[in-house]
Amino acid sequence: MRRPSLSLTLPALLLVAGCAATSVSRPDLHLPERFTADTRGQDAQPAAAQALDRWWLLFADAQLTALEDEALAHAPDARSALAVLDEARATRSKALLAYDVQGNASGSITRGQTSISGNSAFQMAPAGQTTTTAGSFSPSWELDLFGRRGAARQAADADLVTATFTYHAALQSLTAQVASNLFEARGLSLQLAEARDSLRVARELAEIGVRKARAGIGADVDADSLIADRATAQANVVQLEAQLAVSRQTLLVLLGRAGAAPESLPVDGALGLPPDVPQATPATLLVKRPDVMQAEARLRSAMGTLRLDSLALLPKINLQASTSISAIAGPAGYTSSLWSLAAGVAMPVFDRARLLGEVRAQRARAEQAAIAYEKAVQTGFGEAQNQLATYGADRARLGLLVEAEARARHAFDGQNAGYRAGVVDLTALLTAERTWRSSRNALSMLRATTLSDGVNVFRALGGGWIPLDPNHPVTSFPDHKP
């Protein structure tokens, strides 16, 4: 039977491989026009993106800045993310080294003693001690005729970029959690101070009610109502003290100081003004979102792996060399050497069906990666839109509640003075007090919520991390100072 020539076999294999590696559907990245239009020009965008790298500086809060720097340097989450990144770098190197020259060297030394007894007339080798030294080296190298190394590099580089943005996402999440927990703790501290002030007022009113009841100028039911309000205010103080301790401990864990006492972290009720969002379009800023860029890198990795699996259907051509030398020192010593150079071809035959199945499976994984990338983009823009709307509404409500709290406080002060003078009844006083307390609590909670929503805006826009060069190793945390 006549064998088919190599010139006919290789084109056929290439055609089969090309048919197996069909393209993956292109992700639909269509976005609303309001996200893609830029009405402020390109000059403001780099500055805005740079401001997002360390967005916590926009709050002009010294304690927040110090805690963020401490968390980035010492937090377990940050150190764990760095270890994962270093692992990815080592994995990339390992994947690429498989396409370099392979081979091992070996050597041995053997000592022996030859003795002759009896008739030695037919002995060919003389007796005595011999030392045999041998060494060999057998390198091999695959000829990259079809681009396997390039496909492997594409997948390995994309995997490294994915790990890099996983690292950035961990830092982004850490900085957001630190800021949110700090603002939550400050809000609880402010509420606790207000609750203690409410308890003081409730105690004074209860004492006045009891004295009036004893003097016969007040009802016992009014005194009981004031005593009940005092007990409620005291219970509220106890609850807020416990919540503040838990919030402090959570913040200490984020900072890597889990063993420290909650009291070691000073937290006051100072809640500053919410900062403005940098003037740049969401379409420009969202290219900084680690999850979006991570999804894109995963898609590139899946495509590189699909290409590599498709190339596995093609033959592998290896160059193989071998050299060895041995030397015998002794009465009949000699030296021998041998070298050889060969080329080998390996072509999948019986495992071809398995390789085609792996190509189909990888194509499905690449389709999933494309859909995940599409979803990540749409989710990112949706989150940015929602967080910007929420933040804007909170800032508008904040101004209204400041005015409402001031007016409610003025009304309560007037009713309290009238009650002490005996011209206002208890019902009117309690109504004015509850209105004021409700307005003040709502204002305190909204202040903390608005600051936390500001953190969510900066996170949704992709802030909270500093770009790294994925092609250079990382052995320590980058300099996070401005």
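The values are calculated or read from the model by the stated rules, or taken from the named source; none is laboratory data. Note that the structure is a prediction, hence the values are computed from the model and not measured. All Cβ positions, even for glycine, are placed from backbone atoms using ideal geometry, and neighbour counts span all protein chains on display.
Quick notes on this structure:
- Pair list, Cβ under 6 Å, 6 or more apart: the stretch 255-266 residue in a helix (DSSP H, G or I), other residue of a type in the set (D, E, K, R): Leu255/Glu70; Pro262/Arg248
- Look at the stretch 420-449: where a residue is over 16 Å from Leu188 (Cβ atoms) and a partner is among the acidic types (Asp, Glu) and at pLDDT 85 or above, sitting 6+ places away or on another chain with Cβ atoms under 6 Å, you get Ser439/Glu405.
- Any hit, the stretch 232-255, residues being modelled with pLDDT of 85 or more, more than 44 Å from the chain's Cα centre (by Cα) and either surrounded by fewer than 16 Cβ atoms within 10 Å (Cβ to Cβ) or basic (Lys, Arg) (or both): no
- In the stretch 291-335, the qualifying residues are those that are surrounded by fewer than 18 Cβ atoms within 10 Å (Cβ to Cβ) and at pLDDT below 80, and the one that is farthest from Ser23 (Cα to Cα) is Pro331.
- From the list Thr175, Thr162, the one residue that fits, being touching a Lys or Arg at 6+ places or on another chain (Cβ under 7 Å), touching a residue at least 60 places away in the same chain (Cβ under 8 Å), part of a helix (DSSP H, G or I) and not hydrophobic (A, V, I, L, M, F, W, C), is Thr162.
- Matching option when the condition is basic (Lys, Arg) and without any contact (Cβ under 8 Å) to a residue 12 or more places away in the chain, among Arg200, Arg230: Arg200
- Options Leu226, Leu190, Leu251: the member that is over 30 Å from Trp56 (Cβ atoms) and not in a loop (DSSP other than H, G, I, E, B): Leu226
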